Amino acid sequence: MILLQLGILLACILIGSRMKGIGLGVMGMLGLLIFIFVFHQRPGDPPLDVMLIIMAVVTTGAALQAAGGMDYLVQIAERIIRSNPARITFYAPFTVYFLCLFAGTSHIVYSVLPVIAEVSAKKRIRPERPISISVIASHIALTGSPMSAATAALAALMAYPSAAGDIMKICIPACIVGVLAGALSVWKMGKELDADDEFLEKMRDPAFAESVDATDAGLKTPLLPGAKTAFIIFAITILLVVLFGAFPSLIPNVGKGPANLVVFADGKLKMGTIIEVLSLSATGLIILTTKTSATAVTKTSLFTAMGTATISVFGVVWMSATFIDNNQEVIKHLFGGIAQQYPWTFAIAIFIMGAFIFSQAGTTRTMIPLAITLGIANPALIAMFPAVNSDFVLPGYPTLQAGVNFDRTGTTKIGKYLVNHSFLRPGVVAITVAIATGFLLEWLLQLHG
């Protein structure tokens, strides 16, 4: 019976991932309907914590975008990338990593990819190299970002006071090492641009050749008056989230009582609550101080993406939670021993599931409860956290498509066999090295969660 139910779960995820948009969410809800009405399973808890965090954090990012703060961030990143074009294969991914780590979203990379493509082509460096690892860096930055829904979700699931601080302590340096390894893996990937037949053919077109070698066109977008103010408010918010995560004793205690979605039984506020309150308060301050229209916030691309992310997480995670809750004993019997003895093997399961769910937060909320059910310790969960970034394996994610589209030289490609694309090598290398580094760091620091 469990195999039939597992088949239904995987089928819903596969079909939903091909539908894109809210497809994953609605197919997840269809699977839940089957579990309830056909198998008479008791529904698990809906992922309200993750949904609330996504809504709060993305709304703050949307306010930053509407006030011009994202443009200010992008201009800083652009200056860094242009400062040393000869080393763009290393400068670009690290600039993107810290940009997305700060912003808590990978979608900000859209504004930087044209700069990476332009600078590398002008320097005759194969654009596929910096573009591919930069896209991967924009994803991997979210596992450890204090403004990431995935990081907040993992901290909430592990449910101990210093969880958020431990995640940042392990995952940020581990992912930085992973990005470096990914950059090294693409340093000489493919032919040099001057020896690439497709590029040489395009350069025979005078208009194309002129556009490639044209004077830099960046850094000319005028900033909105409140851009820097919005950036400062956002930066202070991140600093406060980091402080509360690193020093749980600073979190207010509101008195003992029944535990609920926002507070523990001992009266300590949950980290998700802190993130939600700080984020939406920052949104209010950005709107007030920069005189940004609240309506303008709701019309940004980030705010629109929030709806898709929320519905996707709602459906697929609720379905998965129901399956896990109703099959706990069987799952423990089948996989508990190997998962406890060799916890790193569970990272492979996370990686595979993440390739279909297309959401770090959704993958976290789907797979980490299963890992906890199998008895995997919290330090190991943190070390394998970067495995949720496997949404690049099937090249349907928007950041990958943008990377291909912005490379006018044609070197960044989706292969004939779908998975043989430009992003596979740096993605697999970066995540594998990040996980291995994470396990090393948690052993060196002797984490106890």
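The helix-only estimate of mean residue ellipticity at 222 nm for the chain, built from DSSP H runs of length n ≥ 4 each weighted as -39500 (n - 2.57), is -22000 deg cm²/dmol after division by the residue total. For the chain, modelled as a GNM whose springs connect Cα atoms under 10 angstrom apart, the maximal fluctuation among Met168, Met19, Met70 occurs at Met19. Here Asp407, Asp213 are placed in order of increasing Cβ neighbour count within 10 Å, fewest first, which gives Asp213, Asp407.
Each label was represented as a point 7 Å from its Cα along the Cα-to-Cβ direction; for Met189 and Arg79 these points are 3.0 nm apart.
Across all directions, the average projected area of the convex hull around the alpha carbons of the range 1-139 is 10.8 nm².
As a rough footprinting exposure proxy, the listed residues Thr89, Thr409 were ranked by other beta carbons within 10 Å of their own, and the order from fewest upward is Thr409, Thr89. What lysines could a cross-link reach from Lys299, if we take a straight Cα to Cα line under 20 Å and drop same-chain neighbours fewer than 8 places away? Partners within reach: Lys291.
Which one of Gly337, Gly31, Gly44 has the biggest mean-square fluctuation once the chain is modelled by GNM with Cα springs under 10 Å? Highest fluctuation among the options: Gly337.
Positive-end ranking of Pro248, Ser390, Val74 along the dipole of the chain, with charges on Cβ about the Cα centre, is headed by Val74. Residues whose amide H comes within less than 5 Å of that of Val263, counting only those at least five positions distant or on another chain, are Lys270 (H built at 1.01 Å from N in the peptide plane).
Scoring 55-62, 342-349, 1-8 by mean Cβ neighbours within 10 Å over their residues and listing the highest first yields 55-62, 342-349, 1-8.
Given Cα pairs under 8 Å that are at least 6 residues apart, what percent is the relative contact order of the chain?
Numbers: 769 pairs, mean separation 123.8, N = 449.
Computed over the chain, the figure is 28 percent.
Bridgeable aspartates and glutamates around Lys256 (alpha carbons under 15 Å apart, same-chain partners fewer than 8 residues away excluded): Asp266. The value obtained for the range 116-223, namely the Cα convex hull volume divided by the number of residues, is 134 Å³ per residue.
Put a plus charge on the Cβ of each Lys and Arg, a minus charge on the Cβ of each Asp and Glu, and nothing anywhere else: the dipole of the chain about its Cα centre is then about 240 debye. Of all aspartates and glutamates in the structure, the ones whose alpha carbon falls short of 14 Å from that of Lys169, not counting any fewer than 8 places away in one chain, are Glu442. In the structure shown, the pairs Lys188/Lys413; Lys123/Lys228; Lys123/Lys413; Lys122/Lys188 are assessed against 26 Å; a Cα-Cα span above that value is assigned to Lys123/Lys228.
Taking only complete DSSP H runs, can you tell me which helices of the chain stretch 24 Å or more along their own long axis by Cα positions and average at least 1.0 on the Kyte-Doolittle scale?
Sorted by number, the helices that extend far enough and score high enough are 2-19, 48-66, 163-186, 227-246, 271-290, 301-326, 424-445.
Every read-out reported here was derived from the displayed coordinates using simple, explicitly stated rules and does not represent laboratory data. Here the structure is a predicted model, which means the values were calculated and not measured. Every residue, glycine among them, receives a Cβ derived from its backbone with ideal geometry; neighbour counts consider all protein chains shown.
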